Amino acid sequence: MRVALFATCVNDALYPSTAIATVRLLERLGVDVDFPAAQTCCGQPQFNTGYRRETEPLVRRTARAFAGYDHVVTPSGSCVAMIRDNYPRIGARAAAEGRGEELADAAASLVPHVYELTEFLVDVLGVTDTGAYFPHTVTYHPSCHGLRMLGLGDRPRRLLQAVRGLELIELPGAEECCGFGGTFAVKNPDVSEAMGADKVRNALSTGAGVLCGADNACLMHIGGMLRRQDAPQRTLHLAEILASTEEEPLV
């Protein structure tokens, strides 16, 4: 099994600990992980802002970077949703405009192999107990892309419930958006802030020490608001919890 890590640009630039934790977790489960150096942004910021043509080179580059791997695993439902949902649309649009099948072929070669981390653990490896140990109270925020576009369902919760020492507390209004939404937060800051305030209020009401999620973009938004309030709760990516063991605690 040839497995590649798609770190994502957000994790590479701001949260490298999440990518490191993902590799550590997968290797502990017996997976050999490669890191193709040619990988870069999936193109989601450009596409969501309306720059479809500018996204096309990133479709080609991403498909080339991960060619030949059995599975491509990433700790970001947002980026997986971009590849699965929008790459085929971009390819079909280019073909409809008479610009050939290259982009459609690139999307078709990549999409079936891309997995969000919890999907890969549960559906491909058949694992819910990763051998993790994390003696803290945790509440889980499901990001919109993972919840609605990927249909991750209870996979993240099943993984968290198997962690020794962890007490999982349900988050009120869990399915409500945190307000980040990528460029949405930039274009609509007042609405974004109000949505984030609701999420923070619900998260703090649980009394949990850690707010966990599977997308660092959401955690960046929520975590920033928590820090500005000097709140006692911290944010942490799911991969870092699952990678932590009693012998080698990550956090």
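The values are calculated or read from the model by the stated rules, or taken from the named source; none is laboratory data. Since the structure is predicted, the reported quantities are computational estimates derived from the model, not experimental observations. Heads up, the Cβs are rebuilt from the backbone with ideal geometry, glycines too, and the neighbour counts pull from every protein chain shown. Keep in mind that these areas ignore ligands, DNA and RNA; they rest on the heavy atoms of the full protein, side chains included. Shrake-Rupley method; radii C 1.70, N 1.55, O 1.52, S 1.80 Å.
Please tell me if Val80 is surrounded by 24 or more Cβ atoms within 10 Å (Cβ to Cβ), assigned to a strand (DSSP E or B) and either touching a helix residue (DSSP H, G or I) at 6+ places or on another chain (Cβ under 7 Å) or touching a residue at least 12 places away in the same chain (Cβ under 8 Å) (or both). No: the conditions fail for Val80. Is it true that some residue in the stretch 90-104 is in a helix (DSSP H, G or I), modelled with pLDDT of 95 or more and either among the hydroxyl-bearing types (Ser, Thr, Tyr) or loosely packed, with under 14 Cβ neighbours inside 10 Å (or both)? Yes, the conditions are met somewhere in the stretch 90-104. Residues of the stretch 54-77 that are within 22 Å of Gly146 (Cα to Cα), assigned to a helix (DSSP H, G or I) and not aliphatic (A, V, I, L, M): Thr55, Thr62, Gly77.
Taking the criterion of being under 16 Å from Cys212 (Cβ atoms) and among the small types (Gly, Ala, Ser), the only residue of the stretch 174-201 that qualifies is Ala174. Across the stretch 1-27, the number of residues qualifying as open to solvent by 10 Å² or more (accessible area, probe 1.4 Å), more than 15 Å from Leu219 (Cβ to Cβ) and either part of a helix (DSSP H, G or I) or in contact with a helix residue (DSSP H, G or I) (Cβ under 6 Å, 6 or more places away or on another chain) (or both) comes to 6.
Which ranges mark the strands (runs of 3 or more DSSP E) fully within the stretch 126-233 that have 3 or more residues being under 26 Å from Pro16 (Cβ atoms)? Before the answer, list the steps.
Details: elements: 137-141, 167-169, 210-213.
Strands (runs of 3 or more DSSP E) meeting the threshold: 137-141, 210-213.
With respect to the conditions (1) open to solvent by 20 Å² or more (accessible area, probe 1.4 Å); (2) modelled with pLDDT under 95; (3) within 27 Å of Leu58 (Cβ to Cβ), Ser143 lacks only one, and its number is (1).
Consider the stretch 179-196 and keep the residues that are modelled with pLDDT of 90 or more and surrounded by 15 or more Cβ atoms within 10 Å (Cβ to Cβ). The one that is nearest to Thr206 (Cα to Cα) is Gly196. The set of residues in the stretch 29-64 being in contact (Cβ under 8 Å) with a residue 60 or more places away in the chain and over 16 Å from the mean Cα position of the chain (by Cα) consists of Leu29, Val31, Asn48, Thr49. Among the residues of the stretch 160-218, those identified as touching a residue at least 60 places away in the same chain (Cβ under 8 Å) and among the charged types (D, E, K, R) are Arg164, Asp215. Please state which of the following conditions Val31 fails to meet, knowing it meets all the rest: (1) in a helix (DSSP H, G or I); (2) closer than 20 Å to Ala239 by Cβ. Going through (1) in a helix (DSSP H, G or I); (2) closer than 20 Å to Ala239 by Cβ one by one, Val31 breaks only (1). Looking across Gly182, Gly209, Gly165, Gly151, one residue alone is at positive phi and over 17 Å from the mean Cα position of the chain (by Cα). It is Gly165.
Would you confirm whether any residue within the stretch 192-211 is under 22 Å from Leu121 (Cβ atoms) and in contact with a Phe, Trp or Tyr (Cβ under 9 Å, 6 or more places away or on another chain)?
So far as the stretch 192-211 goes, yes, one or more of its residues are under 22 Å from Leu121 (Cβ atoms) and in contact with a Phe, Trp or Tyr (Cβ under 9 Å, 6 or more places away or on another chain).
Output the number of residues of the stretch 230-244 satisfying the condition of being open to solvent by less than 10 Å² (accessible area, probe 1.4 Å) and either of a type in the set (Ser, Thr, Tyr) or out of contact with any Gly (no Cβ under 8 Å at 6 or more places or on another chain) (or both). Result for the stretch 230-244: 5.
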